[in-house]
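A quick write-up on the structure given underneath.
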Amino acid sequence: MAVSMINRRQINQLVYERNRRVSISMCAIKAGVSRNTARKYLRQADPSKQEKQPHTTGGRERIRWKQSGAWRVGCENAPELQAKALLEHLAERPGGGIEEKVLRTFQRRVRQWRLEHGKEKEVFFSQEARPGAVLAVDWTDMRDLGGGASAG
């Protein structure tokens, strides 16, 4: 069920039209809201106070990541495994508590954990050779080699 929030102008228009004894359908049309929304706001004692619905998780249960440490053990014991394979393994276990529909969140958590606690990455410094950037001269005098060709 979607929560419909209307602005102050629409509420004032609803109340004004209803006080003029206009039908709810016509009030809704003039205010630019649906008939159900108009009826909901006109039934309230004070329509200017919008009732906020409590936030829901969309039917999904929140995973308590800090409490379910099984995935961390999997990250430590098999760092070569991808997060998806680790999630599938944990989903198969009885009492794993992790469902496959949280794959993207699980991938983010595993990536973050590996950045903080995983094995250290090898540090290397790339070396770029740019031709002509440094002059390379060995100052060898080829005349001393006596190769038969005379230098001019």
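The table that follows gives values for the structure above.
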item: Ranking of Phe124, Phe106 by count of other Cβ atoms within 10 Å, fewest first; result: Phe124, Phe106
item: Ranked Thr105, Thr37, Thr140, criterion: other C-beta atoms within 10 Å, fewest first; result: Thr140, Thr105, Thr37
item: FRET efficiency estimate (nearest 0.05) - Cβ-Cβ, Asp46 to Ser23, R0 30 angstrom; result: 0.85
item: Partner aspartates and glutamates for Lys101 [C-alpha distance under 13 Å; skip if fewer than 8 residues away on the same chain]; result: Glu61, Glu88
item: Simple label model, 7 Å out from Cα along Cβ direction - Ala129 to Lys101, nm; result: 5.8
item: Relative contact order [Cα under 8 Å, 6+ residues apart], region 70-117, whole percent; result: 37
item: Distance between modelled label sites at Gln112 and Asn12, nm, 7 Å Cα→Cβ extension; result: 4.4
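Computed from the coordinates by the stated procedures, all read-outs in this text should not be read as laboratory data. Remember, it's a predicted structure, so these values are computed and weren't measured experimentally. Cβ atoms come from the backbone with ideal geometry, glycine included; neighbour counts cover every protein chain shown.
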